[in-house]
Amino acid sequence: MSGKLKFAFFDAKPYDHPSFERYGGDAGIHFHFFETRLTPDTVELANGYDGVCVFVNDTVNADVIDRLYDMGVRTVALRCAGYNNVDIRYAFGKLHVVHVPAYSPYAVAEHAMAMLLASVRRIHKAYNRTKDFNFSLNGLTGFDLHGKTVGVIGTGKIGRIFIDICRGFGMNVIAYDKFPAPESGIAYVSLDELFAKSDIISLHCPLTEETFHTVCKETIEKMKKGVVIVNTSRGALIDADALLEGIKDRKIGAACLDVYEEEADVFFEDFSGHIMADDTLARLITMPNVLVTSHQAFLTEEALNNIAETTVNNILDIMRDGACQNELCYRCGKTETCRNGNRGKCF
Ligand code: NAI
């Protein structure tokens, strides 16, 4: 490794700059911040850089991978945990893809609980009312979380912290995970049982072909009337049109959404002066029992610093050794079970 490393940083927001400038500067990595997202149309911007640094809504598909490879780019540094926007299989042998497996699982789990509490205690409505000196309580009746059953789908880092928080509230926790954690003390049930028994369902699994539209017309039918759905994971875990129908039918009691199926077109940007083109999102937002935040769950000081520090270390590992414990490797067909233990060179 010689000279200063240059990385093209796509989808840059003002809150990204301080931490990446600080950690990158200390490590001799220059991040060039591009506001635009990485797409097949913008990939040319990466010409002349050692790597690209991308986020959840950047596109790293086969076309982009081929073009990056042709330009001499060899590293894709995801500054997030999820990697459903990257064709990992196609990238194998061409580009090293590294990610930040955990930066603050507490940030996301706490945001899930913040949304749930705001929703069931109507805090969002009370805030608006008292700002207007309206101190009426009519329509603000909530319900106790204590004693309610929460069904947690996905019991990884974030799911487990959310479970601990729920236990602190005296809630009865049941969970489903494709790979249950033995000895964890978590009461695992089948998905169908979780749908049937849960007063609240919180999604903490990754988006895969299997988990796509976990919440859809068929599964909503299996749920309790009045169920509250919390999604801080990935938008496409929920069929947004089916969710809207479930709300209109009064089957779903409330929805707390930090992610949305078509969020790539709208989230993180200011559309306050525009006509909202997405009818489903617009309709969901008009519902009194739907709370939407704009993929904000990760956004804490602690998380931003951890993201920058880990991303910089990932880049240094790959550049120095060609190996990184946070590399997403497809050698074994599954990123989670790399035969290499993610310790040696993946290719
Ligand atoms: P993790 O990898 O620690 O846990 C994921 C869990 O899901 C694992 O226990 C895994 O076995 C389970 N799982 C895998 N396939 C499944 C399936 N088909 N059905 C049920 N469970 C399945 O991941 P972590 O850190 O807990 O993150 C969870 C998700 O949260 C990420 O995939 C990401 O999409 C999302 N996330 C959202 C953020 C936000 O700002 N809203 C920030 C960070 C992560």
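The values are calculated or read from the model by the stated rules, or taken from the named source; none is laboratory data. These figures come from a predicted structure and were not determined experimentally. Positions of Cβ are generated from backbone atoms using ideal geometry, with glycine treated the same way; all protein chains shown enter the neighbour counts. These area figures cover heavy atoms from the full protein model, side chains too; ligands, DNA and RNA do not enter into them. Shrake-Rupley method; radii C 1.70, N 1.55, O 1.52, S 1.80 Å.
Straight Cα distances below 12 angstrom link LYS4 to the aspartates and glutamates ASP26, ASP50, with same-chain residues fewer than 8 positions distant left out.
Express the relative contact order of the chain as a whole percentage, based on alpha carbon pairs under 8 Å and six or more residues apart in sequence.
Numbers: 635 pairs, mean separation 56.6, N = 347.
Answer for the chain is 16 percent.
Using just its DSSP H runs of length 4 or more, each adding -39500 (n - 2.57), the chain gives a mean residue ellipticity at 222 nm of -9500 deg cm²/dmol after division by all residues.
Net charge near ILE318, counting Lys/Arg +1 and Asp/Glu -1 over other residues with Cβ under 13 Å of its Cβ? Show your work: numbers first, answer last.
Numbers: positive: ARG74, ARG320, LYS345; negative: ASP50, ASP317, ASP321, GLU327.
Around ILE318, the charge tally is -1.
Taking the centroid of alpha carbons for each part, the stretch 74-101 and the stretch 102-157 are 34 Å apart.
Using a cut-off of 11 Å between beta-carbons, work out the net charge of the residues near ALA62 (Lys and Arg +1, Asp and Glu -1, ALA62 not included).
Values: positive: ARG67, ARG89, LYS94; negative: ASP63, ASP66, ASP87.
Within the 11 Å Cβ shell, the charges total 0.
Can you give the local net charge around GLY51? Use residues other than it whose beta-carbon is closer than 9 angstrom to its beta-carbon, Lys and Arg +1, Asp and Glu -1. Within the 9 Å Cβ shell, the charges total +1. Computed over the stretch 105-292, the Cα gyration tensor eigenvalues convert (square root of 5λ each) into semi-axes of 26, 20, 16 Å, ordered from largest to smallest.
The convex hull drawn around the Cα atoms of the stretch 1-135, when projected onto a plane and averaged over every direction, covers 11.1 nm². Per 0.36 nm of contour for each residue apart, how much would the distance between LYS225 and ASN84 grow if the chain were fully extended, relative to their Cα-Cα spacing? This chain segment gains 47.6 nm when fully extended. The magnitude of the dipole of the chain, with charges of +1 and -1 set on the Cβ of Lys/Arg and Asp/Glu and taken from the Cα centre, is near 920 debye. Dimensions of the stretch 110-172 from C-alpha coordinates, computed as largest minus smallest value along each principal axis and given longest first, are 43, 21, 17 Å. Restricted to Cα atoms, the chain shows a radius of gyration and a Dmax of 21.2, 67 angstrom.
Return the whole-Å distance between the Cα centroid of the stretch 167-200 and the Cα centroid of the stretch 317-331. That distance is 34 Å.
Once the 1.4 Å probe is applied to the protein heavy atoms, the stretch 165-207 comes out at 48 Å² accessible per residue.
Of the listed residues LYS224, LYS197, the order by accessible area with a 1.4 Å probe, largest first, is LYS197, LYS224.
Can you sort HIS213, HIS295, HIS30 by solvent-accessible area, 1.4 Å probe, largest first? Mind dumping the intermediate values first?
Numbers: HIS213 40, HIS295 20, HIS30 80 Å².
Solvent-accessible surface, decreasing: HIS30, HIS213, HIS295.
Applying a DSSP loop filter and a limit of 12 other Cβ atoms within 10 Å to the chymotrypsin sites (Phe, Trp or Tyr not before Pro) in the stretch 93-167 leaves PHE133, PHE135. Taking the dipole about the Cα centre of the chain, with the C-beta of Lys and Arg at +1 and of Asp and Glu at -1, give me whichever of GLY142, ILE252, CYS205 is farthest to the positive side. The residue sitting farthest along the positive end of the dipole is GLY142. For the chain, the carbon plus sulfur part of the accessible surface works out to 50%, probe radius 1.4 Å. Students often get this wrong, so check it: of LYS125/LYS248; LYS131/LYS248; LYS178/LYS248; LYS125/LYS222, which have C-alpha atoms separated by over 23 Å? Violating the 23 Å limit, Cα to Cα: LYS131/LYS248; LYS178/LYS248; LYS125/LYS222. Compared with the dominant principal axis of the Cα atoms in the chain, helix 301-321 is inclined by about 30°. Counting only GluC sites (Glu not before Pro) that DSSP places in a loop and that have at most 13 other Cβ atoms within 10 Å, the longest clean stretch of the chain runs over 36-182.
Using the Cβ-Cβ distance between ASP132 and ARG331 with R0 = 45 Å, the FRET efficiency computed as 1/(1 + (r/R0)^6) comes to roughly 0.15. What angle, in degrees between 0 and 90 and rounded to the nearest 10, separates the Cα long axis of helix 105-120 from the longest principal axis of the Cα atoms of the chain? On a 0 to 90 degree scale, this one is about 20. Each residue, ARG250 and LYS13, gets one label point 7 Å from its Cα in the Cβ direction; the gap between the two is 3.7 nm. Between GLY185, GLY72, GLY273, the residue with the greatest mean-square fluctuation in the GNM of the chain (Cα pairs under 10 Å linked by springs) is GLY273. Among SER233, SER198, SER190, the residue with the largest mean-square fluctuation in a Gaussian network model of the chain, with springs joining Cα atoms closer than 10 Å, is SER190.
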